[in-house]
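The values are calculated or read from the model by the stated rules, or taken from the named source; none is laboratory data. A quick note: this is a predicted structure, and the numbers were derived from the prediction, not measured. Cβ: placed from backbone, ideal geometry, glycine included. Neighbour counts: every protein chain shown. Surface areas here come from the heavy atoms of the whole protein model, side chains and all, with no ligands, DNA or RNA. Shrake-Rupley method; radii C 1.70, N 1.55, O 1.52, S 1.80 Å.
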Amino acid sequence: MANLDFSNLRVYIDDSNHYKYIELTKSQENQSGDKQSQAEDVPFMKMPDLFVAAACVGAKYDNYKEPTKKKDIFLAAAFDQKTQIPVLISLAYKKLGTTENLLEPRQILKICEGWANGGFSNLYDILIEGKGLRPLYRLVDYIINEQQNE
């Protein structure tokens, strides 16, 4: 697979979702003032992880929606080249239906931004309002249910 250069590109989300991205990736302060992240409450370590998950949900439900008021949240170089970039390329292929433009990182990101924007509200609802006591358990329940329904 070709090594695509995402190093100088920014990833955009809809500005209205920014605080929710922070909520699902932030660390919590404990009583001694130290920051700690409770995986059960904050199931995504970094925004790229959440972005990829939201894009996958958007693609699964064929919910593509370009961000209206864009906010850049991280450099695309933060995506893992071995695991996340191939997923993003696959999601771009799903939208395009062809291999043309799959070697253009900006085009791939633009498509995945639409998938992520379309799927984010579904994912957020699953994590915050789904069954189970905490967001991580809700995410696990969702994944298990989706696997059983296939």
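Brief remarks follow.
- Accessible-area order (highest first, 1.4 angstrom probe) of the listed residues ASP14, ASP141: ASP141, ASP14
- Largest mean-square fluctuation among SER90, SER121, SER16, in a Gaussian network model of the chain whose springs join Cα atoms under 10 Å apart, belongs to SER16.
- Accessible area (Å², 1.4 Å probe, nearest 10) - VAL87: 50
- Pairs of alpha carbons in segment 79-150 whose separation is greater than 13 Å (percent): 71
- Only protein heavy atoms count here; under a 1.4 Å probe, TYR21 has an accessible surface of about 0 Å².
- Exposure of LEU96 as accessible area (Å², to 10), given a probe of 1.4 Å and all protein chains: 60
- Among ALA54, ALA78, ALA116: highest mean-square fluctuation, GNM of the chain, C-alpha pairs under 10 Å: ALA78
- What the Cα convex hull of the chain gives, in volume per residue, is 126 Å³.
- In the context of the full set of protein chains, the chain has a per residue accessible area of 58 Å² (1.4 Å probe).
- Ordered from largest to smallest accessible area (heavy atoms of protein chains, 1.4 Å probe), the residues THR68, THR83, THR98 come out as THR68, THR83, THR98.
- Relative contact order (%) - criterion: Cα under 8 Å, at least six apart; region: the chain: 32
- Candidates GLY114, GLY58, GLY97: whichever shows maximal mean-square fluctuation once the chain is modelled as a Gaussian network with Cα springs under 10 Å: GLY97
- Carbon plus sulfur fraction of accessible area for the chain, probe 1.4 Å, in percent: 48
- Other residues within the sphere of radius under 12 Å centred on the Cβ of ALA76, judged by their own Cβ, net out at -1 (K and R +1, D and E -1).
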